[in-house]
Structures are given as structure tokens and as C-alpha cells.
Amino acid sequence: MFGQQNGLSLDQAPPIRVIFRFFLIASLFGMGGGIWLAVFAGDIMTERSALLALTHIFTLGIMASFMIGALFQMLPVIAGVVIRSPLPKSLVFTLAFVPGTMSLVAVFGGYQEELLYTVAFILLGFALFLLIVIMLPGLLSVTHHTPSSKGMTIALTAFAFTFIPGLYMTGILGGFFDGSNYTIIRAIHYGFGLEGWIALLIVSISFQVIEMFYVTPPYPPLVAKYFTTLVLSLLILKVPLLLYGSESSAAAVDTVIGILLLLFALITLRRLSQRKRSVTDASLWFWRLGMGNLIAVVVSALLLKLGSFGWMLGVLYISFVFFALSIVFAMFYKIVPFLTWFHLNAEGYFSAPMMHEVIAPSNARRHFWLHLVTLTTLLLSFALPALFRLGGILLILSFGVIAWHILSAGKLYEDTKLKGEKFDLGMGMQG
């Protein structure tokens, strides 16, 4: 598991509540996104404000919360980077990030108050600065990077390139800056956010966990060594192309990035089919569904370049959301049980629950089927728009399951610390 790679100790690992807090925040934003979709079901694909608000609930509220929480846990494991004082640092970040995100969503949702723009601009700007200070120096100081640690550094860099144009656009809307190049800045913001931050962080984690969790052959050396660097380089190349009006060249760069992501998805599916353990669990299903959705994203994007298919844009949007969510859920069902066991075991509780006792495998499988039904419902919504409301309700249920698992694991952790038997070398066993 995580600790086997770099000999992770309790001193290196952040407190469990740091990770659980980020995951719970993400699940609450997810439930909020489901409510938003259910309420604005009829307008979600026609009203730009409703879709824009939902997009930022997904990218900031859900994905950034999940991924930053995972980074707090994985930096010591994959990169050997220990974050000092993680509890107060993560708390300060959260106190700026959550209200900043909520303010931005409210603005995009139609509450055009100048104060909300200012709050979003200041709080999210501070949160970005703090996150970079917390994580990036440690990653940059690593002398011998693995493909995963290098990719995490690149993904975090892409996150900065995502956030800065986003803040600039918020400043434009709030009247802080003039509106020149707004459309170009928006394209840069989307490219670094979706293809850089979200996709590259998933790719980076894959290099480590696919082989480790599922006992597969490693990724091809060229892919592991150069993939994330190549994609980031292409995204940077796209910036001057957009700024100087070479849209066809920028579109060609996007096509190359799409083909690279398609190859990554196919290689990952191939590696999963070559696993040495025949045991299949829900996390494996989530990985396969995620890679299937990534393939659908690339195919949809390529088809859109060939002609105007209104419904295809919706398929692309939903496929990307479920590509990212599927991988997040796959990792969730590994991280939460492991952390609960690891912290209790490392603290000397020989009554620490086994991983399958933290989240029953059958519950994870049920959640997979709920997730799959939600995806199917939302895809069918383009033919039957009334299904968007049902899709929103299913999203509420899906993220409700995640929230329930987090709260249950947290309660199990606290109950074991309160009542569990602990082995003490000096005193023997005590209750």
C-alpha cells in the first residue's frame, strides 16, 4: 500500500482529519452540484450562467478539494515531501478556499454583486498563493523524481497556470482590469485546468498506483518519463498561438494532446487487463469506467472538429466529468480504508479495523452501479431533457454515499481510539 513505497511513518503522514476534511468538503460540493442540476435542469445546457456555475462547482468545489486532499497524503509517499504543520496550513487554506469558491459560484449563478467578485478574487488568490507555498517548494527540491512525483509537480504548475488566468477573468468581471483578451485568457484557463491540472494529476497518480494496487506491468518507460512534460509543453506552446491569433495551430495542438490522452487511456486499460491479481474490486471498475470516459472525451472532441453536433458538446462535458469522478472514486475507496487502518495501527491499536471493515466491498460495488446509472441518465438527458432533474437527484445520492463513508470512517477511527485496546511496550495492554 502507500506506506510500502517510501516507508511512510506516522510522523510523515498528515493527521487523518486533514484528508477527511477535504474529501467531506468535496462531497458536500458534489451534493450541492446535484441540487443545482436538479433545480436548473431545464436551463443547464441553454443558460450559460447555470452551466458556468455548475462547471466551477465541479472543477473547484469537487475536483480541487479531492485532489488537494489527496496531495496532502501522497506528497510524503510518492515524492518524499513532508508538509510541516499540515493541520493549521490546511485549515487556513480551507477557510479561504471554500468561501472564495462559493462566492465565485454565486456570481456565475446570477448574483452579480460587486462584493462577491471582490471576495472571490481576494480569497481564491490567497488560497492559490498558500497552496503553492505549501507544496511546490518541496516538490521542486526533490533531487531524484519518480514519474509520479515529477508529474505531480507539473500538474501543480498547471494548476497555477489555471488559477492565475481565472483570477484575472474574475478581476475583469469585477471591474479591476479591462476586458482585453478575455476570450483568449478563458481558453488558456480551460486548457490548463482540464488538460493540465485535472488530467495530468490523474496521469501522474496512475504511474504509481496502477502497478502498486493492481500488480500490473509498469507503464512504458517513454510514457512514464515524458508524457506529463510533453503535455505541459504543448499547453505552454498554445499560449502564444492563441495570443497571436493562430487559432488553427492552437486547435492542432489540442488535437495532439487529445491523441496523447487517448493513448494513455488505452495503455491503462491494457495494463489493467494484464494484472497479476485476478481479484476484482469496485475500484478497478471505476478505473475502467474512467478510462472509457476519457476515450469518449477525445472522440467527442475530434468529432466536434469535423462538424457541428450540438449534443456532442454535452457528451464531451459529461464524459470529462465522469472520467475525473470515476478515478477520484477509485482512489477514494483505496485511500479512506487504508488511512483509517494505517493511523490506528501506527498508533498501536491492535484492535484497528481491517480495510474491508472500514468500507465494505459490497457498499463500494453498490456505489459503482449508482455512479454508472447516473452517467447513463445524464447522457440520455440530451434526448430526454426531463432526465436532467433525475440525474441531479442521483448525483446527490452518489455524493451522499461518499459523505456517509467519510463520516462513518471518521467515527470508526474515533471510537477505536476511545475504546480500542492499545499495545504499550512499557505497560502492556490497556483499554
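Checking every one of the chymotrypsin sites (Phe, Trp or Tyr not before Pro) in segment 349-424 against DSSP loop status and a limit of 14 other Cβ atoms within 10 Å picks out Phe350. Can you tell me the FRET efficiency between Leu136 and Val215 if r is taken as the Cβ-Cβ distance and R0 is 25 Å, rounded to the nearest 0.05? That gives a FRET efficiency of 0.20. Here the sum of -39500 (n - 2.57) over DSSP H runs of 4 or more residues, divided by the residues of the chain, equals -25500 deg cm²/dmol at 222 nm, to the nearest 500.
A full extension of the chain between Val92 and Asn363 corresponds to an added length of 94.2 nm, given 0.36 nm per residue minus the alpha carbon distance. For the chain, relative contact order (Cα pairs under 8 Å, six or more residues apart, normalised by length) works out to 19 percent. Per residue, the average separation of C-alpha pairs within less than 8 Å and at least 6 apart gives segment 99-242 a relative contact order of 24 percent. Applying both filters, DSSP loop and at most 16 other Cβ atoms within 10 Å, to the trypsin sites (Lys or Arg not before Pro) of segment 272-358 gives Lys276, Arg277.
Within segment 31-116, report the chymotrypsin sites (Phe, Trp or Tyr not before Pro) that DSSP leaves as loop and that have at most 16 other Cβ atoms within 10 Å.
Tyr111
Look at where the Cα atoms of segment 270-302 and of segment 226-248 average out, and the two centres are 28 Å apart. Quote to one decimal, in nm, the extra length available between Thr280 and Ser246 on full extension: 0.36 nm per residue of separation minus the C-alpha distance between them. Taking 0.36 nm per residue and subtracting the Cα distance, the gain is 7.5 nm. Peptides 336-343, 82-89, ordered by how many other C-beta atoms sit within 10 Å of their residues on average, highest first, read 336-343, 82-89.
Quick check on my link table: of Lys276/Lys334; Lys150/Lys417; Lys334/Lys422, which ones sit more than 29 Å apart, alpha carbon to alpha carbon? Each step should come with its number before you reach the end.
Working: Lys276/Lys334 18 Å; Lys150/Lys417 37 Å; Lys334/Lys422 25 Å.
The pairs that break the limit, which is 29 Å between Cα atoms, are Lys150/Lys417.
Our note on the geometry: Cα centres of segment 122-194 and segment 402-422, 35 Å apart. Filter the chain for me: DSSP H helices, axial length by Cα at least 27 angstrom, mean Kyte-Doolittle hydropathy not below 1.6. List them by residue number. The qualifying helices are 16-39, 114-140, 221-243.
Read-outs throughout are calculated quantities, based only on the coordinates presented, and are distinct from any laboratory measurement. Bear in mind that the values here come from a model prediction, so they are computed numbers and not experimental data. Cβ: placed from backbone, ideal geometry, glycine included. Neighbour counts: every protein chain shown.
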